[in-house]
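For reference, the structure is listed below as structure tokens.
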Amino acid sequence: MILRYFYDERLAQASYLVGCAKTGEALIVDPARAVQTYMDAAEREGVRISHIAETHIHADFVSGGRELAAATGALLIVSGEGGPDWQYAYVGEPGVVRVMNGDTFMVGNVSVEVLHTPGHTPEHIAFVITDTAAADKPMGIFTGDAVFVGDIGRPDLLEAAAGVVGSADTGARQQFGTVQRFKSLPDYLQLWPGHGAGSACGKALGAVPSTTLGYEKLFNPAFQIHDEDAFVAWLLDGQPEPPRYFAQMKQVNRDGPALLADLPEIQSLTRADIDALIEAGAFVVDVRDRDAFAAGHIPGTISTPATSSKVSTYVGSLYDFRVPVALIVPDDAVLDEVIPALRAVGVDRIAGVLWADGLGGDLDALPQMTARALADGLASGSTAVLDIRNLSEWLDRHVSGAQHVPLTELHRRAGELPESRPFAVYCASGYRAQVAVSWLRANGFNRAVLMGEPDSVWSEALPTGSGTELQTA
């Protein structure tokens with residue numbers, strides 16, 4: 001049996017190739033949208049992709065299942081569980097097959113058994129793998145977002161991101177049942193999860209790419225809680241804020257992602273084109289590095305530096321999918337990196353691109369504030385502070401008196417920001433703060449300024465606080 005692992009650092013997303021060397025067939029589990037990676041790997045291994053399988057309707061990236069099936073002619077296998085509200089809408093297309101709990105299929109000599117593992121989503125399934133050429137018992141499980149290294153999948157995304165009221169508690173109780181099911185399986189089974197550390201699909205995912213069920217039974221907190229109500233309370237507490245694009249991904253992956261070949265060609269734009277797009281309400285993204293944007297940028301543009309691995313998450317946290325996107329890029333190499341990153345989170349309405357050497361015209365600098373000026377402003381009451389980090393970072397420590405609005409919630413909570421005072425925006429390293437300030441100023445919040453020395457926020461010159469008491473950082 002052949003097993004290969006693929007990992008997208010930007011989205012902390014894992015996918016897999018499992019193949020039969022004897023028959024030359026291969027299965028891809030939970031492919032991303034950039035499918036050439038899998039076809040190249042299959043060619044290197046001397047196998048053809050005959051099957052594609054998805055564990056669930058993903059919320060954090062555009063599934064590549066439909067794209068890969070179109071490119072290879074492989075059979076696309078999706079869940080038939082979850083009830084009528086969570087069925088794949090494109091099941092009627094040729095080569096798309098629904099499976100249910102207990103179903104099995106063969107990929108050469110590799111047996112794949114379907115387990116219904118609801119909780120993260122109602123339709124979620126896992127795939128139990130047996131190499132029948134070598135053994136009569138399974139080797140491991142592709143767990144998707146059911147069980148991670150050190151964590152389990154969050155059950156609240158349908159409610160937090162898609163607005164399905166009451167689904168978080170229901171999902172948590174289903175997840176409790178799924179954990180009990182895993183407890184009944186043999187300890188020796190390998191677990192191959194769909195995400196690693198940094199994913200918003202859980203709250204404490206480990207960075208190790210795989211684990212064993214026996215290890216998780218010993219050390220994963222979810223396996224240590226035996227009372228269902230206590231489990232539900234633990235699981236729902238402290239989940240990270242989902243980015244704005246998660247709700248869009250649910251719809252896209254349920255209805256069927258557009259094929260990349262069907263998307264319009266990206267056009268070259270002029271400065272006049274960019275100005276007109278901004279006037280019309282487009283989302284214009286400047287992916288140059290932080291310093292270049294801060295020194296001079298087109299008013300109304302959003303800074304999402306391509307040098308950050310989180311560029312897709314930044315855009316997805318603030319982008320309104322109802323409007324077109326335009327890009328400002330320094331060169332072809334950066335464009336070639338950014339386009340797949342944006343396509344991965346469903347940003348398909350790309351109107352065009354402006355090269356940085358064509359900026360021209362009037363440019364704005366990004367206002368910045370030093371830690372000393374911030375301290376003086378706080379002391380006099382003339383300056384407010386906006387902390388756009390995640391909840392867990394805020395609870396660890398924060399500037400006393402700061403207002404907390406995570407970047408992922410900024411689009412819907414901007415109305416809560418100070419009306420009369422300038423406010424300094426900060427995060428941990430400055431990337432998120434710059435994204436936030438640029439978006440705020442593009443949307444009329446000209447009082448927002450960037451904390452120019454984010455590390456010095458934690459100096460003794462500034463009072464800091466924990467979630468309960470003021471204390472020195």
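None of the figures in this text is laboratory data; all of them are computed from the coordinates on show. Here the structure is a predicted model, which is why all the values come from computation and not from measurement. Note that each Cβ is placed from the backbone with ideal geometry, even for glycine, and that neighbours are counted across all protein chains shown.
Over the chain, calculate the relative contact order: mean separation of alpha carbon pairs under 8 Å at least 6 apart, over the residue count, as a percent.
RCO, the chain: 11 percent.
Which loop-located GluC sites (Glu not before Pro) does the stretch 1-100 contain, where loop means any DSSP state but H, G, I, E or B and the Cβ has at most 15 other Cβ atoms within 10 Å?
The qualifying sites are GLU9.
LEU269's amide H: which non-local residues (gap 5+, or another chain) put their own amide H closer than 5 Å, with H modeled 1.01 Å from N in plane and none for Pro or chain starts?
VAL353, LEU354, TRP355
Return the FRET efficiency for the residue pair THR307, THR370: r is the Cβ-Cβ distance, R0 is 22 Å, and the value is rounded to the nearest 0.05.
My answer for the efficiency is 0.40.
If you plug each phi of the stretch 12-21 into the Karplus form 6.51 cos²θ - 1.76 cosθ + 1.60 with θ = phi - 60°, what whole-Hz ³J(HN,Hα) values come out, in order, with x for Gly and Pro?
Once θ is set to phi - 60°, the couplings for the stretch 12-21 become 6, 10, 10, 9, 9, 10, 10, x, 10, 5 Hz.
Pop a pseudo-label 7 angstrom from the Cα along the beta-carbon direction at both ARG421 and ARG271 and give the gap in nm to one decimal.
With each label point 7 Å from Cα toward Cβ, the separation is 3.8 nm.
Can you give me the Cα centroid spacing of the stretch 69-114 and the stretch 412-443 in angstrom?
About 44 Å separates the Cα centre of the stretch 69-114 from the one of the stretch 412-443.
To the nearest 20 debye, what is the magnitude of the charge dipole of the stretch 260-361 about its Cα centre, counting +1 on the Cβ of each Lys and Arg and -1 on the Cβ of each Asp and Glu?
It works out to roughly 340 debye.
A 30 angstrom limit on the alpha carbon distance is what I want to check against. Which of LYS137/LYS310; LYS183/LYS203; LYS250/LYS310; LYS22/LYS250 exceed it?
LYS137/LYS310; LYS22/LYS250
Residues with amide H under 5 Å of VAL147's amide H, sequence separation 5 or more or different chain, H placed in the peptide plane at 1.01 Å from N; which?
GLY153
Suppose every K and R has +1 on its Cβ and every D and E has -1 on its Cβ; what is the size of the dipole of the stretch 2-255 about the Cα centre, in Debye to the nearest 20?
Working: 18 positive and 31 negative charges, 78 e Å.
Result for the stretch 2-255 is approximately 380 debye, rounded to the nearest 20.
Within 10 Å, count the other beta carbons around each residue, average over each peptide in 331-344, 136-149, and list them highest first.
Ranked by mean Cβ neighbours within 10 Å, highest first: 136-149, 331-344.
Most exposed first by the Cβ proxy, i.e. fewest other Cβ within 10 Å, how do GLU159, GLU279 rank?
Lowest to highest Cβ neighbour count: GLU279, GLU159.
What distance in nm lies between label points placed 7 Å from Cα along the C-beta direction at ALA261 and LEU363?
For ALA261 paired with LEU363, the spin-label model returns 4.1 nm.
Arrange THR37, THR121, THR270 by Cβ neighbour counts within 10 Å, fewest through most, would you?
With the sparsest Cβ surroundings first, the list reads THR270, THR37, THR121.
Run the dipole for the chain about the Cα centre, Lys and Arg Cβ at +1, Asp and Glu Cβ at -1, nothing else charged, and hand back the magnitude in debye, nearest 20.
Charge dipole, the chain, about its Cα centre: 240 debye, nearest 20.
Would you calculate, for the chain, the mean residue ellipticity at 222 nm contributed by helices, counting each DSSP H stretch of 4 or more residues as -39,500 (n - 2.57) and dividing by all residues, to the nearest 500?
After summing the helix terms and dividing by the residues of the chain, the value is -8000 deg cm²/dmol.
May I ask you to evaluate 6.51 cos²θ - 1.76 cosθ + 1.60, the Karplus curve with θ = phi - 60°, for each residue of the stretch 128-135 and list the ³J(HN,Hα) values in order in whole Hz, giving x for glycine and proline?
8, 10, 10, 8, 5, 6, 10, 7
Determine ³J(HN,Hα), in whole Hz, for all residues of the stretch 283-289 in sequence, where each value follows from phi through the Karplus function 6.51 cos²θ - 1.76 cosθ + 1.60 and θ = phi - 60°; x replaces Gly and Pro.
9, 9, 9, 9, 9, 5, 5
For the stretch 1-67, run through the trypsin sites (Lys or Arg not before Pro) and keep only the ones in DSSP coil with at most 14 other Cβ atoms within 10 Å of their Cβ. Walk me through the intermediate numbers first.
Numbers: sites: ARG4, ARG10, LYS22, ARG33, ARG44, ARG48, ARG66; in loops: ARG10, LYS22, ARG33.
The qualifying sites are LYS22.
Which FRET efficiency value, to the nearest 0.05, is calculated for LYS137 and THR23 with the Förster distance at 25 angstrom and r the Cβ-Cβ distance?
The calculated FRET efficiency here is 0.75.
Near the amide H of ILE77, under 5 Å away, which other amide H atoms are found, from residues 5 or more places off or on another chain, if H is placed in the peptide plane?
Distant-sequence amide H within range of ILE77: ILE52, ALA53, GLU54, VAL97.
Using the basic label-point model (7 angstrom from Cα toward the beta carbon), what is the SER400 to ASN443 distance in nanometres?
So the two model labels end up 3.1 nm from each other.
Between the alpha-carbon centers of the stretch 190-230 and the stretch 333-358, tell me the distance in whole angstrom.
Between the Cα centres of the stretch 190-230 and the stretch 333-358 lies a distance of 35 Å.
Can you give the FRET efficiency for GLN180 and THR212, using 1/(1 + (r/R0)^6), R0 = 22 Å, r = Cβ-Cβ distance, to the nearest 0.05?
Details: r = 18 Å, r/R0 = 0.82.
E between GLN180 and THR212, to the nearest 0.05, is 0.75.
Sort the following peptides by mean Cβ neighbour count (other Cβ atoms within 10 Å, averaged over residues), highest first: 89-101, 364-376.
So the peptides 89-101, 364-376, ranked by packing, come out 364-376, 89-101.
Lys/Arg Cβ at +1, Asp/Glu Cβ at -1, dipole of the chain taken about the Cα centre: which of GLN267, TYR215, ALA365 is farthest positive-ward?
TYR215
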